[in-house]
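The values are calculated or read from the model by the stated rules, or taken from the named source; none is laboratory data. Predicted, not measured: the structure shown is a model, and the values here were computed from it. Quick reminder, even Gly has a Cβ in these numbers, built from the backbone with ideal geometry, and neighbours come from all protein chains shown.
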Amino acid sequence: MKTWYERAIQSLNEAALAVQERNNIPIRSLESLASHIVASLHETDELVVEALSGPPGSPLLTNLLNVSILGTRVGIGLGYYGDELHRLALAGLVHDIGLFAVPTELLSKSGRLTPEERTLIEQHPERGVEIILQCDPTLHWLAQVTCQAHERWNGRGYPHRLKGRQIHEMAQICGLVDVFDALVSERPYRPRLFPHEAVKELLVTERDTFPREILKALVEQLSVYPLGTTVRLTTGAVGVVVKINSRYPLRPVVKVTAEERGDDAQSHELDLSRTPLIAVLETLKPPVVGQVQVGTVLSRPPVSSATIGVSDHFTSLLESLDAITSTLQAVVDTQKRQS
């Protein structure tokens, strides 16, 4: 039996075929997909785990669905709700719909693109505008977001070289998550990055490309260590991330099993936000579907009185220790590359 994710990909494939055959895309069906994504993310993070697990399928189709799922999660972190959140989910599903109007052989070309070919590809946002308005002339807001999804805060995007607040915020969210999804997805020319590696890459190379508040929301909502990620702790123990502390993205809740601990004790959950001397040392495996219970909630986790009472001193201590850990890990990585 197909999962919901697989059925959603099938619906997106029908939309892609409609574009290629110059028919109207099934916009109502896509709106239904968007509604499901919003409803699901208010209950569990099952779809987030699936989007981050490197699901198989056409990269163009999985990218549309992943940008919708992950972009909606970022939107929740920015305070989006109601119709606005549904619009963001729909925008993610169609942000690159114009690519399906580009010749397939051009998109799959393995060699360097000629200037003419690159120009043709960079026209796909405007083709997306035509596709959306053809199926529903009232969707001007969606056409605008689609047209601007590749514009960048520093003015180095396309097709119109817009900058800063000239760019629709939803387009900036879709653009950032689009880059993030590309980094954590397998490609023929390179292996996928772990989510924490992708976050580091974004913070280093894209810090002037997207607004700081959207970058911050992505880190907080998707976390440096997303649900389902297998990690090794500084104690040597290995576990799976089962909950995220939005206040401390580097300090999730990790479930350490009896086998991984090497003793007869029961498996247990370790909240790293309450254990300043224990931290994540390295990531061993990316998120894996099925390792996290469907009922895990990320959007608004219950906050205990102990968490509320965390002092500023303790917060500073955590941040200092995390900074030291990150610095040490960077030194180790550098030495590995040089050896």
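The table for this structure:
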{"read-out": "Of the criteria (1) out of contact with any Leu (no Cβ under 7 Å at 6 or more places or on another chain); (2) under 30 Å from Glu269 (Cα atoms); (3) touching a residue at least 24 places away in the same chain (Cβ under 8 Å); (4) not charged (D, E, K, R), which one Cys174 fails", "value": "(2)"}
{"read-out": "Matching residues in segment 1-32 - criterion: being assigned to a helix (DSSP H, G or I) and not hydrophobic (A, V, I, L, M, F, W, C)", "value": "Tyr5, Glu6, Arg7, Gln10, Ser11, Asn13, Glu14, Gln20, Arg28, Ser29, Glu31, Ser32"}
{"read-out": "Count of residues meeting criterion [under 21 Å from the mean Cα position of the chain (by Cα) and either outside the structural domain of Ala101 (by TED's automatic domain parsing) or not in a loop (DSSP other than H, G, I, E, B) (or both)] in segment 137-167", "value": "5"}
{"read-out": "In segment 187-213, residue modelled with the lowest pLDDT [restricted to those that are surrounded by fewer than 21 Cβ atoms within 10 Å (Cβ to Cβ) and within 13 Å of the chain's Cα centre (by Cα)]", "value": "Glu197"}
{"read-out": "In segment 39-73, the residues that are under 19 Å from Ile244 (Cα atoms), at pLDDT 95 or above and aliphatic (A, V, I, L, M)", "value": "Ile69, Leu70"}
{"read-out": "Residue check for His36: closer than 21 Å to Ala143 by Cα, surrounded by fewer than 23 Cβ atoms within 10 Å (Cβ to Cβ) and out of contact with any Phe, Trp or Tyr (no Cβ under 6 Å at 6 or more places or on another chain)", "value": "no"}
{"read-out": "Near pairs, Cβ below 8 angstrom, 6+ apart or cross-chain, from segment 28-41 (closer than 13 Å to Trp4 by Cβ) to any residue that is not in a helix (DSSP H, G or I)", "value": "Leu41/Ser299"}
{"read-out": "Odd one out for Arg112, checked against (1) charged (D, E, K, R); (2) surrounded by fewer than 13 Cβ atoms within 10 Å (Cβ to Cβ); (3) under 26 Å from the mean Cα position of the chain (by Cα)", "value": "(3)"}
{"read-out": "Selected residue [closer than 22 Å to Val224 by Cβ and charged (D, E, K, R)] from Glu105, Glu14, Glu46", "value": "Glu46"}
{"read-out": "Single residue of Val179, Val129 found to be touching a Cys at 6+ places or on another chain (Cβ under 7 Å) and surrounded by fewer than 24 Cβ atoms within 10 Å (Cβ to Cβ)", "value": "Val129"}
{"read-out": "Residue list for segment 81-97, restricted to those being without any contact (Cβ under 8 Å) to a residue 60 or more places away in the chain and either closer than 28 Å to Val19 by Cα or surrounded by 22 or more Cβ atoms within 10 Å (Cβ to Cβ) (or both)", "value": "Asp83, Glu84, Leu85, His86, Ala89"}
